[in-house]
Amino acid sequence: MHGRVRLGYGPVGPSGSGKSTLMRAIVGVQRVAAGRVQVLGLPAGSITARARVGYVPQARSIYGDLTVHENIAYFASILGAPRSQIGDVITAVSLVDDDQPEVFNRIGPMLLALFPFTVMFLVTSVAMLRERSTGTLELLLSTPTAKLDILVGYALALGFATIVQVGLVTALVLGPLGPNIHGSVTIVDALMGMALGLFLSAFANTEFQAVQFLPAFVLPQLLLCGLFTTRDNMAPLLRGLSNALPLSYAVDGVSRASTSGTWTTALTLDLAIVVACVPLALTLGAATLRRRTP
């Protein structure tokens with residue numbers, strides 16, 4: 001088969017006849033069992049030929065988790081092209097506006113996990129202190145009702161507020177802001193924040209002390225959850241601490257839910273760990289809940 005460069009050719013044939021194989025052989029990405037393929041007088045796939053032949057595959061061949069600049073830089077390194085030309089290429093194909101790091105698309109899902117968790121942790125801690133300061137909790141503790149039953153009752157009431165809050169936040173994010181996130185994952189994250197707030201409220205004597213638990217308990221998790229740097233890039237000690245903190249799995253779960261259209265094994269594991277933290281926190285809260293009046 002011989003063709004002139006200035007002419008255009010389009011192979012036509014049924015599926016399996018070798019159209020894609022022919023194209024792959026021409027650009028040098030297909031092993032040829034017999035015969036030889038030359039392009040512009042050069043062996044197909046040779047370094048010199050690759051620099052003079054453009055190839056647009058049928059399948060998507062860019063990486064969605066990289067920016068325009070990072071994608072071009074990657075392929076430039078494969079071809080040995082100078083990095084100084086990356087900006088010129090982006091300008092030539094009118095992708096300047098798209099050459100911006102998709103920061104919100106990366107951290108948006110993480111923030112959606114953090115905000116409900118943090119807010120419900122704070123609201124629950126202060127609400128329980130209010131219940132104690134007004135005497136309501138002390139009256140309930142003086143009844144034969146089990147402490148776990150009391151906390152479960154509070155959890156059900158506050159859980160309704162959690163669902164409403166997460167519903168509003170998720171509607172905002174999924175609507176105008178755009179990321180695709182499973183709302184159920186965010187609800188579980190907020191429920192975990194509520195349960196941990198019920199647990200830690202037993203250690204506070206005043207509402208101000210309850211608020212102080214926010215930087216003491218939430219801030220370390222915020223720094224180690226992967227929001228500022230990926231957990232895989234952390235030092236071994238910090239990565240070990242991150243693996244022991246529940247918020248890390250909440251953030252991982254929401255991030256995976258935003259990038260995957262299906263439920264993966266890793267997402268299921270993250271969600272299972274977060275769900276398990278809810279009854280565990282309520283059980284620990286019931287074990288540490290004490291009356292403070294005779």
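Looking across region 210-222, the residues that are in contact (Cβ under 8 Å) with a residue 12 or more places away in the chain and closer than 26 Å to T134 by Cβ come down to A210, V211, F213, L214, F217, V218. For region 253-273, a residue qualifies if it is at pLDDT below 85 and either surrounded by 15 or more Cβ atoms within 10 Å (Cβ to Cβ) or of a type in the set (K, R) (or both), and the qualifying residues are G253, V254, S255, R256, A257, S258, T259, L267, D270, L271.
Mind checking which residues of region 134-171 are among the β-branched types (V, I, T), under 38 Å from the mean Cα position of the chain (by Cα) and over 15 Å from A281 (Cα atoms)? Listed by number, the residues that qualify are T162, I163, V164, V166, V169, T170. Contact annotation: residue pairs with Cβ atoms under 9 Å, 6 or more positions apart or on different chains, pairing a residue in region 149-170 that is farther than 14 Å from V119 by Cβ with a partner that is buried (at least 17 other Cβ atoms within 10 Å of the Cβ) and acidic (D, E), are Y154/E131.
The rows are residues; the columns are (1) modelled with pLDDT of 75 or more; (2) out of contact with any Cys (no Cβ under 9 Å at 6 or more places or on another chain); (3) in a helix (DSSP H, G or I); (4) over 20 Å from V278 (Cα atoms).
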{"site": "R106", "(1), (2), (3), (4)": "no, yes, yes, yes"}
{"site": "M120", "(1), (2), (3), (4)": "yes, yes, yes, no"}
{"site": "S125", "(1), (2), (3), (4)": "yes, yes, yes, no"}
{"site": "P144", "(1), (2), (3), (4)": "yes, yes, no, yes"}
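Within region 225-240, residues that are in contact (Cβ under 8 Å) with a residue 24 or more places away in the chain sit with their Cβ atoms under 9 Å from residues that are in a helix (DSSP H, G or I) and among the β-branched types (V, I, T), at 6+ positions apart or across chains, in these pairs: C225/V251; G226/V251; L227/I107; L227/V251.
When only residues in region 208-240 that are modelled with pLDDT of 75 or more and among the charged types (D, E, K, R) count, which is farthest from L280 (Cα to Cα)? Selected residue: R231. For region 210-235, residues that are surrounded by fewer than 14 Cβ atoms within 10 Å (Cβ to Cβ), part of a loop (DSSP other than H, G, I, E, B) and not aromatic (F, W, Y) total 3. Of all residues in region 41-59, those that are modelled with pLDDT under 75 have Cβ atoms under 8 Å from Cβ atoms of residues that are in a loop (DSSP other than H, G, I, E, B), 6 or more apart or on another chain, in Y55/V29.
From the list A244, A250, A286, which residue is of a type in the set (G, A, S), at pLDDT 85 or above and closer than 16 Å to M192 by Cα?
Numbers: A250 fails: at pLDDT 85 or above; A286 fails: at pLDDT 85 or above.
Within the list A244, A250, A286, the selection yields A244.
The values are calculated or read from the model by the stated rules, or taken from the named source; none is laboratory data. Since the model is a prediction, treat every value here as computed from it, not as a measurement. Reconstructed Cβ throughout: ideal geometry from the backbone, glycine too, with neighbour counts over all protein chains shown.
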